[in-house]
Every structure is written in C-alpha cells, then in structure tokens.
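Below is one structure, written out as structure tokens, with a few remarks after it.
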Amino acid sequence: MFRFLVLSRGLEERLEDLLKQGQVVGDLYDGRGQEATVVGSAFALEEGDWLAPSLREMGALLTRGLDPRMLLLQYLAREGSPSAGRDKAHHLTMPHLGLLGPIGPLGAHLCVLNGVALAFRMRGERRVCLTYLGDGASRTGAAHEGLNLAAVQRLPLVVILIHNRWAFATRSDQQAAVADWIDVAAAYGVPAASVDGNDVLHVYDETRRAVDRARRGEGVTLIVAETYRMRGHAQHDAQEYVPEEELHEWRARDPIDLFERYLIDSGFESRPSLAVVKEAVRRELAAAVEEALSAPMPEPEGARFGTVEGEEIPVPWTRREAVYEDVHQPTLRP
C-alpha cells in the first residue's frame, strides 16, 4: 500500500513537470490528498472485479495493475499507449485489468458500470464493481439515476463518494443541503459507511466489508470518504478560492505522511526501509518517463484504422469521402 501511495503521488508530480514542458496532451487533474481513499479501496477488490475511475483515481489504476509507463504514454498521446495516442489521457478502458474508462459527463460512468454489474449477476458470476463519485458529481442527474437503478436491482456494486470539500470553486455544502454526506444513502435505501479518507487502512477495511457484501448478492453499499483535494480542480485552477488556513489544516493530515508514521510507530517498518521503497519508486518513474518521452507520436495514417481482436479495420468516419455521402449532405465538411 505504501508503495502505491508513493507511486501515485510521484507519477502525478512528474506529469505536472511534463505538462509545464508542453509534453502532456490535454490537462492534468491532480489527486493529491486523496491517494489513501483510492489506493485503499482498490486494494479491497479481487482479480476479475471491475473498477471505474473518475478523474483523480490514478492510485487505483496503479493498484489494479496498470503500468505507470502506460499511463505516461497515454498522457503524452504517444504510440504504444492504451488508446494509441487517439484519445484523452483519462479515456482508457482495459478489460483485462477490469478498468472501465471515465465518461465526459460526470456521473454517467456509474450508469455504464451498472451494465457490467448486471452482466455479472445475470451470468451468476461472483464479481464486484467499484466506482468513485466526487461530491459534485454525485449531485448530477446521471449519478442519481445510476445509483437508484443499482439499488433497486441490488447490483454487486460499491460506490465511493469522495467528499473532498470542493467541486471546482463550489463548496460541497452548496452542492447538497445535508448535515452529513452519509445521509444521502437513505434516499436510495442502501447501507452506508463513513471513513477517514486519509487513513488507507480504514478505507481498505470498510471497502472490503462492502465488497464482500456485494459478492454475497446483498447489493450496493455507499462509502463516504472524508478527505480533501489539496490542489486545484486541474492545473489551470490556481485554487485562489480556498482559505489558506483550510489548506494548512489538511496538509498536516497528508495521507502518505500519516501512513508512514503509522508504519514506523507500530514497528512494521523503519525509516530506512521506507526510504528504500521511495528510492525504488523514484528509479522506476525516471525510467518510465525516459521511455515515454522517447516513444514516437502516432502516425497520422493510423487514425484511419481501429483494432478489433488484433485485426486492423477501417474507421470510415475519419475519411473525408465517407459519412457525408451516407447522410446525403455533401455540402458539409469534416
């Protein structure tokens, strides 16, 4: 767990450097401060389970087995990335790892993941799905519909509601008039739990209980992770709307620092042994960055083809002579 916490933070720090150098295609949504929530919850899943991240769940992707080199290639839009440089950094689906990529409208990925969970149940497979909603995304119509359907159908699903206090420049108490975010579960008739989202072991324990419950066929659990987004909404957001004293308070509860102190104080690890882990991660990321930067950009001709089961097939809507003839609108131009 400690390795994945450090790996997630380190990878985002290197991506921030690459973004400032103009290497990253698109934007970067930093998950600093939320690593314990995503790593702890992803650790509770088993092989064959599926996970649908949102924007800041890099630690969950790494925990589920995605190589940091693949993520770097994806962010840099290079050949060899999961989408072969054809899509935005977050939009990657890898079925062999049980990863369902995010969908543009926030909250909508929950509806798609319901289909995966329903397929598991119809096939009689004891597999579980897990996804994340920010406090802002949880207030969207798609999220309401998705959670309601999952509750009614008793789907094998765990929903982590990340209460990180801010949705861009809007405070969470302006998103919903609830005294406690755990109260929202009652509207759907599902059990709920609240966890310290900066305590990776607390998150793991509660998520494991919810996963086991879903695997037994007992339906959805909503877990509210109380944590904090320590950076802006994205790199373009200077976070000037956040009170400095609030940031200072949460920085003192950095999830990686908390877990490091716990491991040392409890006698599980020593400062030198954890330093070995950090150095190994540093070397791994340095090599991954070098490899990603040396990878070529995709050839333009490659945009004409997609790959299905290893076979290249033409993608007609990328060709000027297609589509418009089909819809009888020859005056339009792509």
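Numbers below:
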quantity: Structure-derived Cα Rg over 2.2 N^0.38 Å: which label, when the choices are [x] 1.12; [y] 1.21; [z] 1.04; calculated: [z]
quantity: Loop-located chymotrypsin sites (Phe, Trp or Tyr not before Pro) in the stretch 243-276 whose Cβ has at most 11 other Cβ within 10 Å (DSSP); calculated: F268
quantity: Label point distance in nm, E47-V25, each placed 7 Å from Cα along Cα→Cβ; calculated: 3.4
quantity: Peptides ranked, highest mean first, by Cβ atoms within 10 Å: ranges 202-212, 270-280, 2-12; calculated: 2-12, 202-212, 270-280
quantity: Rounded to whole Hz, the Karplus (6.51, -1.76, 1.60) HN-Hα couplings of the stretch 93-102, x for glycine and proline; calculated: 10, 10, x, 5, 9, x, 10, 9, x, x
quantity: E240-F268 FRET efficiency (beta carbon distance; Förster radius 30 Å; 0.05 resolution); calculated: 0.15
quantity: Low-density loop positions, GluC sites (Glu not before Pro), the stretch 18-51 - DSSP coil, at most 16 other Cβ in 10 Å; calculated: E46, E47
quantity: Quarter of Cα convex hull surface for the stretch 163-214, i.e. mean projection, nm²; calculated: 4.4
quantity: Simple spin-label estimate for H248 and K88 in nanometres, 7 Å along Cα-Cβ; calculated: 3.6
quantity: Descending semi-axes in Å of the stretch 1-149, equivalent ellipsoid built from Cα gyration tensor; calculated: 25, 17, 16
quantity: Calculated [θ] (222 nm, deg cm²/dmol) that DSSP helices of n ≥ 4 give over the chain, each run adding -39,500 (n - 2.57); calculated: -12000 deg cm²/dmol
quantity: Listed residues V195, V24, L45: farthest to the positive end of the dipole of the chain (Cβ charges); calculated: L45
quantity: Distance between modelled label sites at D205 and R171, nm, 7 Å Cα→Cβ extension; calculated: 3.2
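Values in this text are rule-based calculations from the coordinates and carry no lab data. Since we're looking at a predicted model, the values are computed, not measured. Here the Cβ is made from the backbone with ideal geometry for all residues, glycine too, and neighbour counts use every protein chain on show.
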